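Only one structure is covered here, and it is reproduced in the block below.
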Amino acid sequence: MSVDLQSLEKIPRHVALIMDGNGRWAQERGLSRIEGHKEGAQSVRAVLRAAAQAGVEFITVYAFSTENWKRPPAEVEGLMKLLVHSLNEYEQELHENKIRLRVMGQFERLPLPVRMRLQKTIDATADYTDHTLVIALSYGSRTELADATKAIAEKVKSGEMKVKEINEETIANHLYLPDVPDPELMIRTSGELRLSNFLLWQLSYSEFYITDTYWPDFREEQFFHALEAFNGRDRRYGGVKKV
Ligand code: FPP
């Protein structure tokens with residue numbers, strides 16, 4: 001059944017997505033894994049459209065983890081090429097919907113042509129404030145937390161900060177994108193019940209929506225269903241239910 005967006009009382013400001021199942025989607029069709037990723041890139045596009053329609057401000061997609069460098073070189077290369085190709089494809093839509101592109105992760109580890117292509121769109125969309133697409137690339141949450149710890153330690157060492165001043169806000173302020181609000185909703189496709197080193201700090205109070213649907217089959221309708229499920233959740237942040 002289709003979802004009536006008007007009936008949704010709460011729209012999350014930020015939705016994070018673990019896009020899993022591209023390989024299995026392809027395998028079941030006798031296709032190469034990269035074909036699955038290509039179809040998955042179309043789902044990113046569909047979710048961007050759906051998010052803009054629903055009024056979701058931030059979308060973060062886990063496109064490539066620090067662990068993904070261990071995949072066969074041909075798949076890594078295929079994913080990097082697909083990223084460049086997808087940016088060319090999304091460009092018009094990013095401008096039409098006023099979507100700002102940001103990247104989170106070890107940017108310097110990406111191949112130069114990929115960095116250059118990303119930078120071009122990051123710069124071209126930098127002034128948009130309505131919506132933001134964050135692509136997590138060569139991203140690992142433990143590395144992000146280690147990097148934040150190092151930056152804080154340097155400030156203590158130089159006398160800019162005192163140990164007793166360190167609190168939760170200090171850590172949040174030293175993450176890769178401190179100005180992006182925590183996701184209220186995290187969606188993972190293909191049924192796996194894992195966080196896979198994704199936004200460990202930021203997802204502390206998020207609602208999780210896990211679906212068996214493979215990422216290439218996750219389109220507008222599936223995204224709206226996730227928003228509907230989010231509307232049925234009672235978020236208490238460790239407090240008690242209001243009566
Ligand atoms: C996980 O599926 C998916 C990835 C590691 C890559 C995700 C990349 C895309 C959807 C394409 C491009 C993205 C953008 C932002 C343009 P898997 O390969 O682990 O699937 P499996 O578990 O079925 O093997």
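The values are calculated or read from the model by the stated rules, or taken from the named source; none is laboratory data. Since this is a predicted model, take the numbers as computed values, not measurements. Note: ideal-geometry Cβ built from the backbone for every residue, glycine included; neighbour counts use all protein chains shown. The accessibility values were calculated without ligands, DNA or RNA, using every heavy atom of the protein model including side chains. Shrake-Rupley method; radii C 1.70, N 1.55, O 1.52, S 1.80 Å.
When residues in region 12-35 are screened for being in a helix (DSSP H, G or I) and among the small types (Gly, Ala, Ser), 2 of them pass. The set of residues in region 13-39 being within 14 Å of the chain's Cα centre (by Cα) and within 15 Å of THR189 (Cβ to Cβ) consists of VAL15, ALA16, LEU17, ILE18, MET19, ASP20.
Considered as a group, the residues in region 11-39 that are near the ligand (Cβ under 9 Å from one of its atoms) and of a type in the set (Asp, Glu) include one that is least open to solvent (accessible area, probe 1.4 Å), and that residue is ASP20. Out of curiosity, is GLU169 farther than 26 Å from MET80 by Cβ and either within 15 Å of the ligand (Cβ to nearest atom) or out of contact with any Phe, Trp or Tyr (no Cβ under 7 Å at 6 or more places or on another chain) (or both)? Yes, satisfied.
Conditions tested, residue by residue: (1) outside any loop (DSSP other than H, G, I, E, B); (2) in contact with a strand residue (DSSP E or B) (Cβ under 9 Å, 6 or more places away or on another chain); (3) within 16 Å of the ligand (Cβ to nearest atom); (4) aromatic (Phe, Trp, Tyr).
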site	(1), (2), (3), (4)
ILE187	yes, yes, yes, no
ARG194	no, yes, yes, no
LEU199	no, yes, yes, no
GLN202	no, yes, no, no
TYR205	no, no, no, yes
LEU227	yes, yes, no, no
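For region 36-57, the condition holds for no residue, the condition being that it is part of a loop (DSSP other than H, G, I, E, B), closer than 27 Å to GLU144 by Cβ and among the small types (Gly, Ala, Ser). So in region 46-68, with the set limited to residues that are farther than 21 Å from THR129 by Cβ and within 11 Å of the ligand (Cβ to nearest atom), which one is nearest to the chain's Cα centre (by Cα)? If we take residues in region 46-68 being farther than 21 Å from THR129 by Cβ and within 11 Å of the ligand (Cβ to nearest atom), then TYR62 is nearest to the chain's Cα centre (by Cα).
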